[in-house]
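Any read-out appearing in this document is the output of simple, stated calculations on the displayed coordinates, not a laboratory observation. Please read these numbers as outputs of a predicted model, since none were measured by experiment. So basically every Cβ, Gly included, is an ideal-geometry build from the backbone, and we count neighbours across all protein chains shown.
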Amino acid sequence: MSTENETKPVRVLFVCLGNICRSPMAESVLRRKIADAELADRIIVESAGTGGWHTGEPPHEGTCAVLDKHGIAYAGQTARQINRADLQDADYIVTMDNRNLSDVRGMCAARGIVAPLLVYAPKIGETQVPDPYYDGGFDGVYALIVAGCDGLLAAIRAERGL
């Protein structure tokens, strides 16, 4: 007999500032890894921003270019702002930098785990995924996100027995 935790999908929410660069990139990368692991029915991935400036917009052209280069789908993604319901629905709220982490923790108590993405990639020696919005560097951000998503998926699989 299965329990609710065994049948209820794990919910992951990536959070960055505007939800057009880093968090939609992480959403797309993790979705691909989940599909490759045949876990799409067990893990749901979304993304949001702490700010609402870009609500309704597609991912940044730099994010799209990097994802296209690696053959990772992102069609249909649009920016949205995080809300209190997200904090109650998500099992993992994964932030890109210290500002995002502080903003999320300041909203209200989350039900799930709130942690920076790069906690899941300690060997790379970085603690924050830099925002490429003004300065570029999308390829470097992609590499950090891939490393973080590898570690996050491994942690979810270990913690949830997937």
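For this structure, a couple of remarks:
- Segment 1-79 shape via C-alpha gyration tensor axes, a/c threshold 1.5: oblate
- Computed magnitude of the charge dipole of segment 4-160 (debye, nearest 20; Cβ of K, R +1, Cβ of D, E -1): 280
- Debye log10 I(q)/I(0) for segment 68-151, one point scatterer per Cα, at q = 0.11, 0.25 Å⁻¹: -0.34, -1.32
- Taking all pairs of distinct alpha-carbon atoms in the chain, Kirkwood radius in angstrom: 15.6
- Other residues lying with their Cβ under 15 Å from the Cβ of E126 contribute a combined charge of -2, Lys and Arg counting +1, Asp and Glu -1.
- Helix-only mean residue ellipticity at 222 nm for the chain, each DSSP H run of n ≥ 4 adding -39500 (n - 2.57), per residue, nearest 500: -12500 deg cm²/dmol
- 15 Å beta-carbon shell around M107, net charge (K/R +1, D/E -1): +2
- Ranked list, fewest to most other Cβ atoms within 10 Å of each Cβ, for Y142, Y120: Y120, Y142
- Around D139: net Lys/Arg minus Asp/Glu count, Cβ-Cβ under 15 Å: -3
- Residue order, fewest to most beta carbons within 10 Å, for C16, C108: C108, C16
- Peptides 113-119, 79-85, 24-30, 45-51 ordered by average Cβ neighbours within 10 Å, highest first: 24-30, 45-51, 113-119, 79-85
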